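J.: One structure is given below, represented as structure tokens, and several questions about it will come after.
Throughout, read-outs are computed from the coordinates displayed, never taken from laboratory work. Because the structure is a prediction, the values reported are computed rather than measured. As a convention, Cβ positions derive from the backbone with ideal geometry for all residues, glycine included, and neighbour counts pool all protein chains shown.
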Amino acid sequence: MQRTVLNIRIEFGLFFIGIVLFFGCKSNNKEKTLPVKSEKKNLEIVAINDTAGFNSYMAEFGLCDLSKLDKRIFFEIKYASSDNFMHQVLYSIINKPFLQKDVADRLMKCQDALLEEDSSFHLFIYDAVRPVDVQWKMWHALDSLKPSERVKFVSNPVNKSLHNYGAAIDLTICDSKGNPLDMGAGFDDIRKIAYPSMEAHFLATGELTEQQIANRSLLRKVMRSQGFRNLPTEWWHFNACSRKEASQKYRLLEKEFTRQ
């Protein structure tokens, strides 16, 4: 009888251990499924960033990847990183300069003109096509400024921007190692020292040097050779045409590519 009780206790103990192990394994299995879910998420992101699908989508708007057309032109798309005035990534997939084909052709001729000035110089693009939904984010980010002041730096999304059509470029000049020339003010600098219209004033005050203005003048010279027009408030911004002309010739890019 005593032996039977002992056996029962042993069996009960083994049964209890079995239950603990069962639920323990079940808990471990749940933890092991987490990386799988994460992998599924990653696979979804890869699908959204499908290069062929993205390029096809951009082609629908007449936009072409300039980096494939001309390796002489350097680029660093600022809104694909946090290195911009908003300090956040604004483009989820656009990380190369996309422009309308005829605009890209003209820009490549500007590169030709630049090489005639100095064989070691390259155009260096900061931004090209920009979706309208990103334009709205920029517009709201500067809401501390009155709309009349804000439009000096960001076009009102209601009226659209030439960037939204792929008909405007933000760029500078760099050397063969990718080092930008000194323009006396950085990209996206909203101070008046970045205004081309105020260069004479800042030269007189000593806040801009003759070399910095010469660098800006060189950029304007090569861009104007193909009909690009500079903004009076941004040394880096050039329009390929008027907004009216763009609306008649090109399709508007409202949003970035997403998986259909």
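J.: To one decimal place, what Kirkwood hydrodynamic radius in Å is obtained for region 76-212 from all pairs of distinct Cα atoms?
T.: On the way: mean 1/r = 0.0609 Å⁻¹.
In region 76-212 this quantity evaluates to 16.4 Å.
J.: For Gln88 and Ser67, what does the FRET efficiency come to when R0 = 22 Å and r is the distance between their Cβ atoms, rounded to the nearest 0.05?
T.: Result of the calculation: an efficiency of 0.40.
J.: Quick one: which of Lys71/Lys244; Lys96/Lys192; Lys101/Lys255; Lys101/Lys146; Lys68/Lys177 span more than 26 angstrom between C-alpha atoms? Don't skip to the end; give the middle numbers.
T.: Working: Lys71/Lys244 31 Å; Lys96/Lys192 29 Å; Lys101/Lys255 19 Å; Lys101/Lys146 35 Å; Lys68/Lys177 19 Å.
In this structure, Lys71/Lys244; Lys96/Lys192; Lys101/Lys146 lie more than 26 Å apart at Cα.
J.: Using the beta-carbon distance between Lys101 and Lys177 and R0 = 25 Å, what value does 1/(1 + (r/R0)^6) give for FRET efficiency, to the nearest 0.05?
T.: Efficiency computed from Cβ-Cβ geometry: 0.25.
J.: Using the Kirkwood radius over C-alpha pairs as Rh, can you work out the diffusion coefficient of region 142-235 via Stokes-Einstein at 20 °C, viscosity 1.002 mPa s, in µm² per second?
T.: In µm²/s, the coefficient is 148.
J.: If you don't mind, another one. I need the semi-axes of the equivalent ellipsoid of region 60-107: take the C-alpha gyration tensor, multiply each eigenvalue by 5, square-root it, list largest first in whole angstrom.
T.: 22, 12, 8
J.: If you average 1/r over all unlike Cα pairs in region 194-260 and invert the result, what Kirkwood radius do you get in angstrom?
T.: Numbers: mean 1/r = 0.0701 Å⁻¹.
For region 194-260, inverting the mean 1/r across all distinct Cα pairs yields 14.3 Å.
J.: Next question. What length, rounded to one decimal in nm, is gained on full extension from Ser148 through to Ala214, with 0.36 nm per residue of separation minus their alpha-carbon distance?
T.: Once the chain is fully extended between Ser148 and Ala214, it gains 20.8 nm.
J.: While we're on this one: Going highest first, how would you order 160-167, 132-139 by mean Cβ packing within 10 Å? Show your work: numbers first, answer last.
T.: Details: 160-167: 25.1, 132-139: 18.2.
My ranking of the peptides, most packed first, is 160-167, 132-139.
J.: For Ser119 and Lys192 in the same chain, what is the full-extension length gain: residue separation times 0.36 nm, less their Cα-Cα distance, in nm?
T.: Length difference between fully extended and current span is 23.1 nm.
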